[in-house]
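Right, one structure below, let's go through it.
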Amino acid sequence: MNKKTVRDIDLKGKKVLVRCDFNVPMDENQNITDNTRIVAAIPTIQYLLDNNCKIILCSHLGRPKGEVKPEYSLKPVAKELSKLLGTEVKMAEDVIGESAKKLSANLQEKEIMLLENVRFHREETDNNPEFAKALSTMAEVYVNDAFGTAHRAHASTEGVAKFLPAVSGFLIEKELKFLGNAIENPERPFVAILGGAKVSDKIGVIDSLLEKVDTLIIGGGMAYTFFKAQGYEVGNSICEIDKLDLARELMQKAEQKGVKFLLPVDTKVGKEYDKNTESKTVKCTEIPADWEGFDIGEETIKLFAEEIRKAKTVVWNGPLGLFEFEQFAVGTNSIAKVLSEIDATTIIGGGDSAAAVEKANLADKMTHISTGGGASLEFLEGKKLPGIECLQDK
Ligand code: AMP
């Protein structure tokens, strides 16, 4: 990575503002149900502790849309972090108000505090310079370690870097290493698996991956647009009628580039969008009217598995079916299992595919699971991420 990290500047004893991604899932009683993102922030925080820094952490949580809403308070995160670090994390009552200012002004070496949810201010997502400046005045150095929001130009992810020396933390460094290597220097064969609901969300990434991969595997809801584009009936399956030309262009591009473009051959269809709906497996060219494709079928699993077993690098983004319903999670789980068994670099591009891998208890068998769904997708697309561009070059 050509961006400076916490290792590349002198931080000793300094007051450091760290943007983390503490956007963790919580139940209705504000109990954290998955602390993965908090755990992922610890190496950077520990490094800063070891360097006697005064540490000011900040993050967003959910979408409070510029209002103070107690259900989006970061207090439970401060508690969890205190537990994990074995040291107190002081919680500010606000973001740039009296409480935050007072706590940060009195912060001693090796002390940690957490600001309230930055999205309690609309100025955060507006990337308001005054707000960014107010954040910056509390610290001497800015560290961005929130990969999950690195594709957003917000005040705490980008704006603040205009006022302070800005470097990355270890989490962003690690994400860029794995995602970057896969894209720039993949061991071949390089196979990408793309699923998820809509083609329109993934056009950019399909287009750019066609320049890099040996094989592109398409599953999930977006496969039906490709079938429709070839003139087949797709019943009630999700299909983007206005993207048929584009689907044809992408298939043509694959052919021109010599990229193997694999679509499902069979699909598990259901009567309606219900977890207990009646279902059956049919050929993708024979989807009956009134039925809806919710998963890849057994033949497809075999076909995809065979291709994936040849790979030396695999990037996967998006579930291959409606995996939230058990009977339509078979395709996604089977492919996750294949990935867990092969001797290859396996990279899971965040979001739902990461959730699926975790649900299948296979997370520790993957080379890298990205902590950012949208961010990893934009990175794979070749887009510049504002939260990384704003950091100092090496
Ligand atoms: P995305 O955010 O685009 O990666 O899409 C993820 C969502 O796509 C998940 O909620 C899946 O349940 C859904 N999905 C995947 N395949 C299908 C399908 N065949 N029909 C309906 N939804 C699907």
Linear extension gain, residue 87 paired with residue 42, 0.36 nm per residue minus alpha-carbon span: 15.0 nm
Among 35, 82, 267 the positive-end extreme of the charge dipole of the chain (Cβ point charges): 82
Extended-chain gain in nm, criterion 0.36 nm per residue less alpha-carbon gap, residue 101 and residue 309: 69.4 nm
Under Karplus coefficients 6.51, -1.76 and 1.60, residue-wise ³J(HN,Hα) of region 142-156 in Hz, glycine/proline x: 10, 10, 9, 10, 9, 5, x, 10, 5, 8, 10, 8, 10, 4, 8
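At a threshold of 8 angstrom on Cα-Cα distance, excluding pairs fewer than six apart, so keeping six or more, what relative contact order does the chain reach in percent?
On the way: 861 pairs, mean separation 64.1, N = 394.
This gives 16 percent for the chain.
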Relative contact order of region 257-394, defined on C-alpha pairs under 8 angstrom at six or more residues apart (%): 17 percent
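Just the number, please: carbon plus sulfur as a percent of the accessible area of region 178-380, 1.4 Å probe, no ligands or DNA/RNA counted.
Numbers: 3860 of 8560 Å².
Answer for region 178-380: carbon and sulfur cover 45 percent of the accessible area.
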Cut-off under 5 Å, modelled amide H: who pairs with residue 54 long-range: 14, 15, 16, 110
Cβ-Cβ FRET estimate between residue 276 and residue 207, R0 fixed at 41 Å, reported to 0.05: 0.60
Over region 178-380 - Rg/Rh using Cα atoms and the Kirkwood inverse-distance radius: 0.94
For the chain: span of alpha carbons on each principal axis (Å, largest first): 69, 43, 37
Share of carbon and sulfur in the accessible heavy-atom surface of region 6-171 [1.4 Å probe, %]: 46 percent
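Seen from all sides and averaged, what is the projected area of the convex hull of the Cα atoms in region 1-117, in nm²?
Numbers: hull surface 31.0 nm².
Average projection, Cα convex hull of region 1-117: 7.8 nm².
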Amide H within-cut-off set for residue 5, under 5 Å, with H built and near neighbours excluded: 168
In region 33-101, trypsin sites (Lys or Arg not before Pro) in a DSSP loop with at most 11 other beta-carbon atoms within 10 Å: 65
Accessible surface, per residue, of the chain when the full set of protein chains is kept, probe 1.4 Å, Å²: 43 Å²
Most positive-pole-ward Cα, 303, 229, 277, against dipole of the chain from beta carbon charges: 303
For region 206-291: relative contact order, % (alpha-carbon pairs under 8 angstrom, 6 or more apart): 34 percent
Additional length obtainable on full extension of the chain from residue 33 to residue 289, 0.36 nm per residue less Cα span: 88.1 nm
Region 297-364 and region 198-266: distance between their alpha carbon centers, rounded to Å: 18 Å
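The values are calculated or read from the model by the stated rules, or taken from the named source; none is laboratory data. Worth saying up front: this structure is predicted, and the values here are computed from it rather than measured. Cβ sites come from the backbone with ideal geometry, for glycine too, and all protein chains shown count toward neighbours. The protein model used for the area step is the full one, side chains on, heavy atoms only, and it has no ligands, DNA or RNA in it. Shrake-Rupley method; radii C 1.70, N 1.55, O 1.52, S 1.80 Å.
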